[in-house]
Amino acid sequence: ARLYGTVLKKNPDNGDALNLKGMVAQAHGRHDDALALFGRAITALPDFADVHFNKANTLKALGRNDDALAAYAKAIALKPDYADARLNAGTLLQKMGRTTEAIAAFREVARFSPADPRGHYNLGVCLTEALPAAKSEEREAMTEEADAAFIRTVTLNPNNADAHFAHANLYSKQGDHDRAIQCNKAAIDLKPNWPEAWSNLGSHLEASGDPAAAEAAFDHAIKLDPRNTAALVNRGLSQ
């Protein structure tokens, strides 16, 4: 920060130095200072997508969600294949409950950056979460799209335990407990001490007609996390 300050004393309109000093302020939680620096950087470098992206992240941290979305949109307009900007916009839209827009954002990540597993993963999760409120005639297509998104995710990154876990949740909504078991086991192989995955595995084992294995899975989830409510309740009901 001191070095960037030295540069700015000699050249107050150095956009790179303003942006980088803003990133330092942002990293230390000085969001108002960061926002002011990014504003000056944008004046100096209005077509530099990274500055608009950094400004958007700061606005998001300040809770100014609509302003953050506008800044992400500016970054994307300047750099259409800006995966991080599209991802951050999508996750913010999802957090704000604007699910349809979030799905559209994640579709664009997958389209512009097909080798980036993050876009496919977030698309699958968002579609899965949207299924209960979707119209009946839309659910089949959404389910197929989510399924394809998770398959693409684990193809690109087989070690993504979260993707296997989320894929299991999708199969659970379809009542396909055998496939849900397979996905949950894949998640557990990657993260053996994940109590939620063990608890979910127990639920699917029970639904598939294997109560003894289900009880063992619930017991293991409780051993890992004695306060895991789902595992405790399901273990009690299985007795």
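The values are calculated or read from the model by the stated rules, or taken from the named source; none is laboratory data. All values derive from a computational prediction rather than experimental measurement. No Cβ is skipped: glycine too gets one built from the backbone with ideal geometry, and neighbour counts run over all protein chains shown. Each accessible area value is taken on the protein alone, full model and side chains, heavy atoms only, with ligands, DNA and RNA left out. Shrake-Rupley method; radii C 1.70, N 1.55, O 1.52, S 1.80 Å.
Numerical summary
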{"item": "Extreme residue, farthest from Tyr171 (Cα to Cα), among residues of segment 94-115 that are open to solvent by less than 30 Å² (accessible area, probe 1.4 Å) and of a type outside the set (Val, Ile, Thr)", "result": "Ser113"}
{"item": "Failed criterion for Arg152 (all others in (1) without any contact (Cβ under 8 Å) to a residue 12 or more places away in the chain; (2) open to solvent by 60 Å² or more (accessible area, probe 1.4 Å); (3) not hydrophobic (A, V, I, L, M, F, W, C) hold)", "result": "(1)"}
{"item": "Residue that is nearest to Leu45 (Cα to Cα) [pool: residues in segment 74-131 that are part of a helix (DSSP H, G or I) and of a type in the set (Phe, Trp, Tyr)]", "result": "Phe112"}
{"item": "Condition met for Thr143 (in contact (Cβ under 8 Å) with a residue 12 or more places away in the chain, among the hydroxyl-bearing types (Ser, Thr, Tyr), under 21 Å from Ala110 (Cα atoms) and surrounded by fewer than 20 Cβ atoms within 10 Å (Cβ to Cβ))", "result": "yes"}
{"item": "Evaluation of Thr128 against (1) at pLDDT below 95; (2) hydroxyl-bearing (Ser, Thr, Tyr); (3) open to solvent by less than 70 Å² (accessible area, probe 1.4 Å) (one fails), failing number", "result": "(1)"}
{"item": "Subset of segment 132-154 [part of a helix (DSSP H, G or I), closer than 27 Å to Ala73 by Cβ and in contact with a helix residue (DSSP H, G or I) (Cβ under 7 Å, 6 or more places away or on another chain)]", "result": "Met142, Glu145, Ala146, Ala149, Arg152, Thr153"}
{"item": "Test result for Leu170, open to solvent by less than 40 Å² (accessible area, probe 1.4 Å), closer than 18 Å to Pro117 by Cβ and in contact (Cβ under 8 Å) with a residue 24 or more places away in the chain", "result": "yes"}
{"item": "Condition met for Ala212 (touching a Pro at 6+ places or on another chain (Cβ under 8 Å) and either open to solvent by less than 20 Å² (accessible area, probe 1.4 Å) or free of Cβ contacts under 8 Å to residues at least 60 places away in the same chain (or both))", "result": "no"}
{"item": "Subset tally (residues that are within 19 Å of Pro12 (Cβ to Cβ), assigned to a helix (DSSP H, G or I) and out of contact with any Lys or Arg (no Cβ under 6 Å at 6 or more places or on another chain)) for segment 33-53", "result": "11"}
{"item": "Criterion (free of Cβ contacts under 8 Å to residues at least 12 places away in the same chain and open to solvent by less than 50 Å² (accessible area, probe 1.4 Å)) met by exactly one of Ala134, Ala187", "result": "Ala134"}
